[in-house]
Structures are given as C-alpha cells and as structure tokens.
Amino acid sequence: MASRVRPLRGLRSLGRVLLFLSQFCILSGGEQSQALAQSIKDPGPTRTFTVVPRAAESTEIPPYVMKCPSNGLCSRLPADCIDCTTNFSCIYGKPVTFDCTVKPSVTCVDQDFKSQKNFIINMTCRFCWQLPETDYECSNSTSCMTVSCPRQRYTANCTVRDHVHCLGNRTFPKMLYCNWTGGYKWSTALALSITLGGFGADRFYLGQWREGLGKLFSFGGLGIWTLIDVLLIGVGYVGPADGSLYI
C-alpha cells in the first residue's frame, strides 16, 4: 500500500512543477509582447536624412564653338577660337609670330593632321583699327545726309572679320562718311527733270514736295528753275530728300 502511494506523490509533484513552469512562461511572454507593442506605439525619436543631389555635369557648349570648324588647321582658326600671347611692342607693319592655344571644346590639327593644342601664328604687327577697310565690317547709318557740302560723317561700330588677326580690341568705333541709298535712281531723276521738270515731277520723285509744288504753280519758274534743276541733278548736287545716295 505504501509502495503504491509513493508514485502518486511523485506524479503530483511533477504536475505542480510543470504547472509552475507553464505559468512562468505565460507571464514572461506577456511582458515581452507588451514591451513589443509599446515599442511599436512609441518608436522613439525619428532620424531624418537629407539627400544632397549630385551636382549635374555642365553640358553647355560655349558660344564661340559655333564659329570654330572641327578638326581644321589650328593656324586657320578664327580669332574667337584661340588665345594668343601678344606683344604690343612689335614694329608696325612688320611680320610677327605669337604663341597661341586653342580654347576649351575646340579641336584642331597641325599640317600632319595630328591633334594640336599649342601652335604659332604668323601675322602683321598692327592694331585692329589700322586694318584696311576690307578686313572689317561697320554699321551703317540711315540718319545722316550723304548729299551735303561738306560731306557728313557718322560714328560707326566696326568689327574685324573672323579670319583676320590683329592687336587690341576687335570691335572699335570709327568715323565714316555717310554712304547709304534709299533706292532713288539718278537716271530717273534726270529724265523727269528734262521732260516733266516744268511741273515739278523731278522734285516730287526725290521727296522734295515743297519745291515740287513751287515749280508746279510757277510753271517751272517760267523755265528758269527747270533749267537750273537739270544742271543741279545732272552734276549730282540735288539728291533725295532723305539724304541718301543715288543708285
């Protein structure tokens, strides 16, 4: 009887131990779940990261590149495509050589068709404003009188042509004689003066309507004014009213 009671007591003790362990696991698991839920609800201080965009590489093409022929001879490049070390103490009118370097984004070759960056250029020692008139272009004025005595001048802005090399500024002011035309023909004005000058047709054609009305109502100044206008238009003294030249 005593031998039967001892196994039962052992089983009861084992059951109590298992029950205790199960309750302990449940309690510990609940605390962990509560801590996890608390961490989800309150994630703590957030960190912000600022993404700095990478600087974009410049792909803009310099404006002077449009004037520079690709893979051409370096010595034939326009002046806007190269940088030269000039010497202003050279003797005027004498040949001189300068060391030049092509600008960025410009490609050129030498006589052997090899890529080149540094080269020597030959030119005549003179400033840009001392060049002949065929080597630069100037602005034209339509507000000055071309037919006047003495001849009028105007201040023009001149720019050296691309293929011409010189010293100093490539854009410069220069005083030029008024030289522009409004489309009036000398032959037409002379023909009108001879044939219909008595009615002032020549003066009307040249835009001088006041003188035209005077000749019309005076019948050409009884012919005297008509003869005088034939001579003045023939020698070019009387011109268009806008001050332009004949074609």
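Table for the structure above
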{"item": "Accessible-area ranking of LEU77, LEU227, largest first, probe 1.4 Å", "result": "LEU227, LEU77"}
{"item": "Rounded to whole Å, sorted largest first: equivalent-ellipsoid semi-axes of the range 136-177, Cα gyration tensor", "result": "26, 9, 8"}
{"item": "Protection proxy ranking of 205-213, 65-73, 167-175 - average other beta-carbon atoms within 10 Å, highest first", "result": "205-213, 167-175, 65-73"}
{"item": "Per-peptide average of other Cβ atoms within 10 Å, ordering 228-240, 178-190, 83-95 highest first", "result": "228-240, 178-190, 83-95"}
{"item": "Cross-link partners of LYS67 among lysines (Cα-Cα below 24 Å; sequence separation of 8 or more within a chain)", "result": "LYS103, LYS114, LYS117"}
{"item": "R0 of 35 Å, Cβ-Cβ distance THR124-ILE247: FRET efficiency to nearest 0.05", "result": "0.45"}
{"item": "Scattering curve values for the range 110-235, log₁₀ I(q)/I(0), Debye with Cα scatterers, q = 0.11, 0.15, 0.18, 0.20 Å⁻¹", "result": "-0.61, -0.81, -0.96, -1.06"}
{"item": "Of all accessible heavy-atom area on the range 136-177, the percent that carbon and sulfur account for (1.4 Å)", "result": "50 percent"}
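The values are calculated or read from the model by the stated rules, or taken from the named source; none is laboratory data. This one's a predicted model, so the numbers in the text were calculated from it and none came from an experiment. Methodologically, a virtual Cβ is constructed for each residue, glycine included, from the backbone with ideal geometry; neighbour enumeration extends over all protein chains shown. Note: areas computed on protein heavy atoms with side chains; ligands, DNA, RNA excluded. Shrake-Rupley method; radii C 1.70, N 1.55, O 1.52, S 1.80 Å.
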